[in-house]
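Take a look at the structure below.
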Amino acid sequence: MGKKSGINYARASWSPWYGGCDGYKIFTECEHCYARAQMRRFGKDPDKLTRGKTTFQKPLFWAKDPAIKHVFVCPWSDFFLPAADPWRPEAWEIMRETPGLTYIIPTKKPELILERLPEGWGAGWPNVWLLVSAGTRATLKMHWGAMQDVPAKVKGLSLAPLLEHLLFSGFLRDWRVQPDWVVIEGESGSEARMCINTWMLDVVWGCRKANIPVWVKQLGTHHAKETSVKVSERHQPLEAKSVYQLGDRAASDMQYWPEDLRIRQLPGHYELSKEH
């Protein structure tokens, strides 16, 4: 919940609050929610919405650190939960006071965004990006439809976890407002469901055709277990081991990926280095 982020397109993760999200009851994508598992591992109740005691003000300190540019918001909750209404104005104010940080806010509740935007939002703040999550055609249609009239300088899609072939170019043709950014992610964890590379390539090709920056975050645990790499231990001959066995359990290391999937772009087509 603090400075270090497990999200490879952000340097820090910020939890002004955590818990209380009911997405796992509603969406197929959330059946194996990583946040709920992580919270239990740290002894926290994932069903209870809790204000962060030591984390709420963190961005005010991060703003002084030139290494931190992108902040992932609410990794263990949803920023637009109605129960968080009393705390959200203070969180918005922190974002307004730290224009040097870019806040990436994913949500599974895009229908709640409009009435929870801050005063002075206008067409959006340059340092706040809004992402809506989806991993199936049904959820994608519903969630991106709800984002059409949401004003934002950057609004995009987090296809996480990607669970089926989206026929992405066809999807893009159906909407008057296109995403400014697309993130793709295969599911990770012991119960991870399959994500086929061709599903990801379909999204990448659709984004390239439409000139939309795309970030492939990870190929997922299923890919990690299925992909073999020839390695050698000291004084031992080459041996085939899975990427999973090599420790990359989410298949997030691009060196083991098909060439066409090795793409990580941010809005503005700025390509981020692996060292980020």
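The values are calculated or read from the model by the stated rules, or taken from the named source; none is laboratory data. Computed from a predicted model, the values in this text were never measured in an experiment. FYI the Cβ positions are ideal-geometry reconstructions off the backbone, even for glycines, and counts take in every protein chain you see.
Of the helices (runs of 4 or more DSSP H) lying entirely inside the stretch 1-88, those carrying at least 3 residues that are on the phi < 0 side of the Ramachandran plot, among the basic types (Lys, Arg) and at pLDDT below 95 are 34-41. Looking at TRP215, TRP205, which one is surrounded by fewer than 20 Cβ atoms within 10 Å (Cβ to Cβ), among the aromatic types (Phe, Trp, Tyr) and either in contact with a helix residue (DSSP H, G or I) (Cβ under 8 Å, 6 or more places away or on another chain) or not in a loop (DSSP other than H, G, I, E, B) (or both)? Going through TRP215, TRP205 in turn, the sole match is TRP205. The set of residues in the stretch 29-50 that are surrounded by fewer than 15 Cβ atoms within 10 Å (Cβ to Cβ) and in contact (Cβ under 8 Å) with a residue 12 or more places away in the chain comprises ALA37, ASP45, ASP47, LYS48.
Annotation: of all residues in the stretch 125-136 being under 16 Å from ALA91 (Cβ atoms) and not aliphatic (A, V, I, L, M), the one that is farthest from the chain's Cα centre (by Cα) is TRP125.
Residue-wise test of (1) at pLDDT 95 or above; (2) touching a helix residue (DSSP H, G or I) at 6+ places or on another chain (Cβ under 8 Å); (3) outside the structural domain of CYS207 (by TED's automatic domain parsing); (4) not in a loop (DSSP other than H, G, I, E, B).
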{"site": "LYS230", "(1), (2), (3), (4)": "no, no, no, yes"}
{"site": "PRO237", "(1), (2), (3), (4)": "no, no, no, no"}
{"site": "ALA240", "(1), (2), (3), (4)": "no, no, no, yes"}
{"site": "TYR244", "(1), (2), (3), (4)": "no, yes, no, no"}
{"site": "ARG249", "(1), (2), (3), (4)": "no, yes, no, no"}
{"site": "GLY268", "(1), (2), (3), (4)": "no, no, no, no"}
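For the stretch 39-54, the criterion of being closer than 21 Å to PRO161 by Cβ, out of contact with any Lys or Arg (no Cβ under 8 Å at 6 or more places or on another chain) and of a type in the set (D, E, K, R) is satisfied by at least one residue. Across the stretch 129-146, the number of residues qualifying as of a type in the set (A, V, I, L, M, F, W, C) and surrounded by fewer than 23 Cβ atoms within 10 Å (Cβ to Cβ) comes to 5.
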